[in-house]
Every structure is written in C-alpha cells, then in structure tokens.
1. Mind listing just one residue for me: the one in segment B:272-287 that is touching a helix residue (DSSP H, G or I) at 6+ places or on another chain (Cβ under 7 Å) and on the phi > 0 side of the Ramachandran plot and, of those, farthest from the other protein chains (Cβ to nearest Cβ)?
2. Give the residue that is farthest from the chain's Cα centre (by Cα), with candidates limited to residues of segment A:58-89 that are in a loop (DSSP other than H, G, I, E, B), more than 14 Å from chain B (Cβ to nearest Cβ) and among the aliphatic types (A, V, I, L, M).
3. Go through the residues of segment A:45-53 one by one and say whether even a single one is surrounded by fewer than 19 Cβ atoms within 10 Å (Cβ to Cβ) and either within 14 Å of chain B (Cβ to nearest Cβ) or part of a loop (DSSP other than H, G, I, E, B) (or both).
4. If I ask for residues that are among the aliphatic types (A, V, I, L, M) and within 22 Å of the chain's Cα centre (by Cα), which ones from segment A:129-159 would you list?
5. (1) within 14 Å of chain A (Cβ to nearest Cβ); (2) closer than 27 Å to B:ALA346 by Cα: which one isn't true of B:ALA119, the others all being true?
6. If I ask for residues that are closer than 20 Å to A:GLU19 by Cβ and in contact with a Leu (Cβ under 6 Å, 6 or more places away or on another chain), which ones from segment A:319-338 would you list?
7. Which ones in segment A:288-313 are at the interface with chain B (Cβ under 8 Å from one of its Cβ atoms), touching a Lys or Arg at 6+ places or on another chain (Cβ under 9 Å) and assigned to a loop (DSSP other than H, G, I, E, B)?
8. May I ask you to list the residues in segment A:59-75 that are more than 20 Å from A:GLU341 (Cβ to Cβ), touching a residue at least 40 places away in the same chain (Cβ under 8 Å) and buried (at least 22 other Cβ atoms within 10 Å of the Cβ)?
There are 2 protein chains.
Amino acid sequence: MKLTDIDTPAVLIDTDRAEANLQKFQTYADNHALTVRPHIKTHKLPRFAKRAIELGAIGITCQKLGEAEVMADAGMSDIFIPYNIIGKAKLERLAKLNERITISVTADNETAIRGYAEAFAGRKKPLTVLVECDTGMGRCGVQSPQEAVALAKLIDASEGLNFAGFMTYPKTGGIETTQAFLAEAEKLAIAAGLDPHTISNGGTPDMWRAHEVASATEHRPGTYIYMDLFQVAKGAGTLDDCALTVLATVVSRPTENRAIIDAGSKSLTSDTLGLSGFGRVVEYPDAVISSLSEEHGTIDLSACQHKPKVGERIRIIPNHACVVSNLFDSVVLISGDTVTEIAPVAARGRVD
Amino acid sequence: MKLTDIDTPAVLIDTDRAEANLQKFQTYADNHALTVRPHIKTHKLPRFAKRAIELGAIGITCQKLGEAEVMADAGMSDIFIPYNIIGKAKLERLAKLNERITISVTADNETAIRGYAEAFAGRKKPLTVLVECDTGMGRCGVQSPQEAVALAKLIDASEGLNFAGFMTYPKTGGIETTQAFLAEAEKLAIAAGLDPHTISNGGTPDMWRAHEVASATEHRPGTYIYMDLFQVAKGAGTLDDCALTVLATVVSRPTENRAIIDAGSKSLTSDTLGLSGFGRVVEYPDAVISSLSEEHGTIDLSACQHKPKVGERIRIIPNHACVVSNLFDSVVLISGDTVTEIAPVAARGRVD
C-alpha cells in the first residue's frame, strides 16, 4: 500500500524516525547510567512500548490507569503511573492491576496515601509508592523536601505500601532547582532511615541534560519518540526527527492567499504550547496555519511563492504530537512512502 | 444509578436541558417560518438527531462524510454535508450514501464540482449541491455573489448534479453582510433562470436573530443543544441552559490556592475561543482553571472563600462543548442527579 492510497485527514508515523529517536535516547541514557522509563502517552501503541523495552527501557510510564490496563493487556510487566489515584473504583482497578504486574504510583498528599493504604492493607502484594515533588513546574507535587520526606515516612509506615523514592515532572529549563530539591529530599529520606532507591525525572525538552539532575536514577521521556514543533523549538530535536505528521487535503482556495484544509482542531488540536500557528506545512514551509475550527484548517499563503491547488495533499508537523495521537482511532505506519501497517491507537481515549 | 457511581473524568449531559434547548429554537424557527437542520457535530449522538426531527427539524447537518454514514446507519434520511468532498475514495462513499438516503453537499470551487460531476454522471439519482458563500467568516466559500452564481450555473449544467441554492456559515455579528450577500446571490441566480430554493444559514451565536437574514430558508444551529461558555458569552443562552458538564475529581492541593483535577486538555480541550481560562467550575464560580496539561487541570483558588479538598468532585462547563464530545467514547445522560443511561458517542472521531 502506498501513501497515495490513504485518505485524509490521517496521522502518519515514520517508523524509521521513531526507531532512531528511541535508540538515540536509550544510548544517551546508557552512557550516563540512567534508566529509561518512557511515557506511552505520546504514541499510545503497544508496539512502541515493547520496542523501547527491547532497546533497554526498564518499564513504561502511563498517565492514567486506563492506559496502564491497555498496556498490561499488551504484555507490559512494569508500569509506573505518576498520578494520585483517588476513589474506590480506581483503587479497586489498581489493586487488580498490581496483582498481575509490577505497578508503582505517586502521592503528593495524605488523602491519596490513606486511600492506597486502605485499599492495599492485608493484600499479599504491597503497592509501590513514590512521592511526587513540585520542583518548579507548578502542577502536582509537594512544595518542599521536608514535606516530601514527611509523606515518605507515612507511606513507609503504612501496611500494604512500599516507599520507593521520589518523582518529579520538572519545569523546562529548571535543571538546577530540580536537582537541588531531589538531592535534599534524598538526603533527608536517608537520614530518616528510608531507602529512596528510585528518583524519577521526566520530560523531553531537557532530556539531553537529564544527567545534570545527578540525583535522578531514571528518566521518563514521552514526546521524544515522535518529536513535534514544540520540542524542536526547545532544541530537543530537529524537524528531521519529527516522526508524526498529519496528512491533509486542500479542499478550498477561496482567495489568492487562503487555503482551507480538511484538518482542523479535531485533527491537529488547538494546542499552541506558546507557539504561533497550528503546525508546519512540510511542503510549504512559508505557509502559516493561522486558525482552526473543528473540521477546517485555515492557511495563510501570503509568504508562499508557490501555492497549493484544491485537491493537493500536504503533511503537517503539529505543535504537540501527543494530543494528536489521542484524536485518531488508528495511525498509518510508514517507511518512506510505503504504508507498512494501519495500527489502532490502543490506549486512545483512556481518560480515567 | 446515581451520579456518585460515575467515575471521573466523565461527560454529563443534562437531558432535560438539552430537550428544552432543542424545543426553544424549534419554536422560534416555526414562528419565523425558518426550517431547522441541526448540526450533529456538537453531540454526535443518534438519539438527539432523531429527537430534533421529531420536534420538526427537516433533516440534519454533518460536517464529515464519516459522521453522515453513522447517522444514516442510525436511521437519518436527509443529511446535508456543507463541505467540499474531494478525492475518489470519498466520492465513492458519497455516491453510496446518496443511493441510501437524501444527501446534499456544498462546493465553493470548480475542482470540487467537476469531481462531483465525474462521480455522479450516469447515476440514477443525482447529487444535490449548494454553493458555499463566504459572507464574512473568512473560511471556505466564494467571495462574491457573482462567483456564487457562476458556480451555480456550472452545477446546473453538470450531468448528475442538481443545483439547490446557497449556504453560508456566517461571521458572528455579521447579520447585515450575510443577508446582503445571500439576497444578491439569490437575485442573480433567479435572473439566470436557476432555482435557489434552499438558502442555508448557520451558527448558534446569532441564532435568535436568524430571521433577520431574511433570504435564508433554513438555519443550522449546532452548539445550541448543549450550550457552553462561549455561547453564554455571546448571549445565545445562559449558564442554566448549559447541558454538558465535565465531572472531575480534585486529585491534589499542593498549595493553599492551587487545586489539580483529573481533567486536562484530553477532557476539556485547549480551546479557549477567546475566553480566559478553560471552563467554569459550577460549585466554585470564583475558581479559575488557569492551565491544562493533557491529564491535569490546574485551578487557581485565590478568589475562592471556600476551597475544595482532595477527593472532592466538581463539575465544569467547558468553553466549547462540541470538542469535548469528540474526546469521550461515551457520555453519561442524567436527569437531575439520576443517571438514566451511558451512551456511546456514535459519531466520535469520524475525521474523514
């Protein structure tokens, strides 16, 4: 099957680029004695989770329990869910999953820990819990190493729970504050007689500096497998590393400088991540995707010397690859211009 | 089943509100001798398409062929797809659909019309085509009534095609320019011996002024069934009309004024539609959803006198309801606090 047989809009995954991206970071991590625990949120495909393991990853990361269930069904045996799992229904699912495979989770508050303890006390296999630390990102996480160790003690003292260490999703560019926070938490934990053997750092933007967070034992990159315009802007990769593109058709050319494509926010998402425009048109790098409605993308061709005709097909590198994966039931795997497979996005839409 | 049995995040549809919204606009349209052809993109559920027909709608609108196929399978017999359908694969699907039910489409360029003509020449049943007019929105559509009539003539002269009239998706607030464009196109078409019997206008923001576009014979509202913060901002409805909410759980309270919920852009989307924040928390109207990552929503509680605890559940009215429907495999239908059904979103993810 050729690319020309694929109708639009469609998500194309260049598997050669994805493979190269996986290998490159694994090699970097091996060279710096960091273990890799890739986040599957970007691709949501069992095949790439398996491939990362083959290349040396020690396990995977999922953001939601539903994603972990899909990946466990697909044979993954070691999954980290860096999230406070709250509520009876989810805790029951978590306990079931923990019986099947190796599961770890995080907590950044007492309520979450007491929920875990209640769900796991008396069970044969304890739940492994890391404390989430806000090292500058301003999302989840305890605000100080002291708070982190207080929660670590609570986990350690709870029947059914194993304290394993600390986790952070760092602020981009926040290497120093991240390292300072984690080093202090580790020191205080050891002083308290605890064993923080896993210190887990994450993110693609700063992944080539992951070794500078010297306290971290593992890194969780996600977008690195596909890359996207945001990662290119942050210097994590180049345009030639971008493995995910959206194939679209020009359906209208209402004016000299306006093209409308059949990919809107339902294909590209409205994520800008601070960038201007909604993606880069590979064939027309001077074109600007200026606005999106659900099923229409509006392209400003003012700066283009050559302009696409109605019916022409173009490929777009999105601002944010991960959210695009979540919008399509299947993706088209390609090698060059050859379609090698149409793969269902197994963990798409797993919101809980 | 009670609302408390539903795990989060989940999309709740208050069916009493949805029914009232459907009825209210149908009554308005009846009073102004306008036919209603609701757009299903907002709900993507056969049940609401059927209900609108029962209340008097003459057919439905779908934005993509894939949505129309789902709705035809569900029994809809008259579907308008206001889109240039381009390419052999889609034209074959369109021809099949046109054999089963009454289908109409639009064109705003010659390439699209020639594609339709090639696909439908020699077929027993012709394809009904309207000309899309850009009356101010700046998306698809011919730029002048003269261009509109030139395409109308081409359609009329093409074997296999029936010219039916004109269609626009207007700019919000652009009543006068929309009416002027359509009136002129209609006049010119009649002068050319054509019969533009259907003049189709759309949109929820200005729907209570739809009768002011005097040339329009039908109106295609979409968001009106659920309403959302954008429509409330435009005055199309009130907060009490909003039928779609996202149910979420507070999973973290890292600081005095920060709450994190388990609904991020994968549940609420990053659509702002020009509004500030990413939705309104029903129980905490002073809370500000200040940022979203895929699985986390960050809420600023600075202005709140009372603040939610970890584990507390909240409901959020999103900026843009339509895009939320597309993110969930199923929605929870409620009446008050009672869950009446969990309904699969049949036309979700139909991108092509």
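1. Step one: filter segment B:272-287 for residues touching a helix residue (DSSP H, G or I) at 6+ places or on another chain (Cβ under 7 Å), giving B:273, B:275, B:278-280.
Filter once more, keeping what is on the phi > 0 side of the Ramachandran plot: B:273, B:279.
On the way: B:LEU273: 9, B:GLY279: 14 Å.
If we take residues in segment B:272-287 being touching a helix residue (DSSP H, G or I) at 6+ places or on another chain (Cβ under 7 Å) and on the phi > 0 side of the Ramachandran plot, then B:GLY279 is farthest from the other protein chains (Cβ to nearest Cβ).
2. A:ALA74
3. no
4. The answer is A:VAL129, A:LEU130, A:VAL131, A:MET137, A:VAL142.
5. Just one mismatch for B:ALA119, condition (2).
6. A:ALA321, A:VAL332, A:ILE334, A:ASP337
7. A:SER293, A:GLU294, A:GLU295, A:HIS296, A:LYS309, A:VAL310
8. Within segment A:59-75, the first condition is being more than 20 Å from A:GLU341 (Cβ to Cβ), and the residues that meet it are A:59-69, A:72.
Of the ones still in play, those that are also touching a residue at least 40 places away in the same chain (Cβ under 8 Å) are A:59, A:61-62, A:64-67, A:69.
Once the filter is applied, which keeps residues that are more than 20 Å from A:GLU341 (Cβ to Cβ), touching a residue at least 40 places away in the same chain (Cβ under 8 Å) and buried (at least 22 other Cβ atoms within 10 Å of the Cβ), segment A:59-75 yields A:GLY59, A:THR61, A:CYS62, A:LYS64, A:LEU65, A:GLU67.
The values are calculated or read from the model by the stated rules, or taken from the named source; none is laboratory data. The structure displayed is predicted, hence computed values, not measured ones. Virtual Cβ from ideal backbone geometry, glycine too; neighbours counted across all protein chains shown.
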